[in-house]
1. Look at S112 and say whether it is in a helix (DSSP H, G or I), among the polar types (S, T, N, Q), surrounded by 15 or more Cβ atoms within 10 Å (Cβ to Cβ) and at pLDDT 75 or above.
2. Going residue by residue through the stretch 6-17, is there one that turns out to be charged (D, E, K, R), surrounded by 13 or more Cβ atoms within 10 Å (Cβ to Cβ) and modelled with pLDDT of 65 or more?
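The values are calculated or read from the model by the stated rules, or taken from the named source; none is laboratory data. Everything numeric in this text was worked out from a predicted model, so none of it was measured. For neighbour counting, all protein chains shown are included, and Cβ atoms are generated from backbone atoms with ideal geometry for every residue, glycine included.
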Amino acid sequence: MTDDEKTGWPPVELGEVTMIFTVKDLAKSIDFYTRLGFEQTVVHGHDGQKPISSEDNPSWATFRCGNQRVHLMDIGMNMMHFVVDDPPAVMTALTERGLAPYASGPGNTGASLEDPDGNIIYIMKSTP
């Protein structure tokens, strides 16, 4: 039995996913994900005005493992980003399922919604 036969809905193509995890101790988390086999690609800090690259005072880090990305941040919430070719089509499909996505991103080119626990899910347009 296919997914659409089980639920009555065709599958939604959500593309590549990026997980964003809130961490309490960034240094320990960087060590953990490095040992887990993720490649650290970026470390970011901030100066109160704009993001800066800072090895001395990082506030978030980006890792990659295969096609998957993980961001470790001190933002106080967990999030997921899905990169898709057609955000409006995904918004329509999610609305048909009784979910409530709302337009977001530059020029409303993406969508956002929250899961029952308040975790934010972003649907973003893929870039060439």
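1. Working: in a helix (DSSP H, G or I): no; among the polar types (S, T, N, Q): yes; surrounded by 15 or more Cβ atoms within 10 Å (Cβ to Cβ): yes; at pLDDT 75 or above: yes.
Here the answer is no, as S112 does not meet what is asked.
2. From the stretch 6-17, those charged (D, E, K, R) are 6, 13, 16; that's our starting set.
After this cut, where a residue has to be surrounded by 13 or more Cβ atoms within 10 Å (Cβ to Cβ) as well, the list is 16.
Then keep just the ones that are modelled with pLDDT of 65 or more; that gives 16.
Taking every residue of the stretch 6-17 in turn, at least one turns out to be charged (D, E, K, R), surrounded by 13 or more Cβ atoms within 10 Å (Cβ to Cβ) and modelled with pLDDT of 65 or more.
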